[in-house]
1. Evaluate 2.2 N^0.38 Å with N set to the residue count of the chain, then give the Cα radius of gyration divided by it.
2. For the stretch 83-107 and the stretch 33-68, compute the distance between their C-alpha centroids and round to whole Å.
3. Could you order peptides 37-47, 72-82 by the average number of other Cβ atoms within 10 Å of their residues, highest first?
4. Put a dot 7 Å past each Cα toward the Cβ at ASN83 and ARG58; how far apart are the dots in nm?
5. Can you figure out the FRET efficiency of ARG21 with ASP75, using R₀ = 30 Å and their beta-carbon distance, to the nearest 0.05?
6. In whole Hz and in residue order, list the ³J(HN,Hα) couplings for the stretch 22-38 that follow from phi through the Karplus curve 6.51 cos²θ - 1.76 cosθ + 1.60, θ = phi - 60°; x for Gly and Pro.
Amino acid sequence: MSGEAIEREVEWVGIGRVRAREFDGHGLEITVEGLTTQAKYYKPLIYEFFRKEWRRARPAWGEYTVEIAMEYVGDPPWLDLDNLAKALLDAIKGYAFHDDAQVGRLVVERHAGERERIFIRVSER
């Protein structure tokens, strides 16, 4: 071996609309399949996933970067990104970090994609 660090692919957890996995030992990626114009729909959906299916990393203290990307097909959905971000941050609070006040950088965007979904990436700053 050449001494290079080998990054192993971590399997996704979840078989329903919500899936998650850890990366780099300290980060978390979450995908939610499908879109709705009701941001409040996502909070209980993601919360239930973490409560029932997630048995991995626990929240930590420190500052975090959260990147949220909403992918859509066709016309963009009529959904305020700030409301979506708030619902998603509330949903992952207690699993990715203790409090959303720990988020020092937040990027939220929407763009056309191959399927409708939301992608969340949480990493330490």
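No value in this document is a laboratory result; all are computed from the given coordinates. Keep in mind that what you see is a predicted model, and the values were worked out from it rather than measured. Here the Cβ is made from the backbone with ideal geometry for all residues, glycine too, and neighbour counts use every protein chain on show.
1. On the way: Rg = 14.9 Å, N = 125, 2.2 N^0.38 = 13.8 Å.
Relative to the rule-of-thumb radius for its length, the chain sits at 1.08.
2. The distance from the Cα centre of the stretch 83-107 to that of the stretch 33-68 comes to 8 Å.
3. Values: 37-47: 15.8, 72-82: 11.5.
In decreasing order of mean packing, 37-47, 72-82 become 37-47, 72-82.
4. Inter-label distance under the simple model: 3.6 nm.
5. Values: r = 31 Å, r/R0 = 1.02.
Computed FRET efficiency for ARG21 and ASP75: 0.45.
6. Once rounded to whole Hz, the list reads 8, 9, 6, x, 10, x, 9, 10, 9, 10, 10, 7, x, 10, 9, 7, 9.
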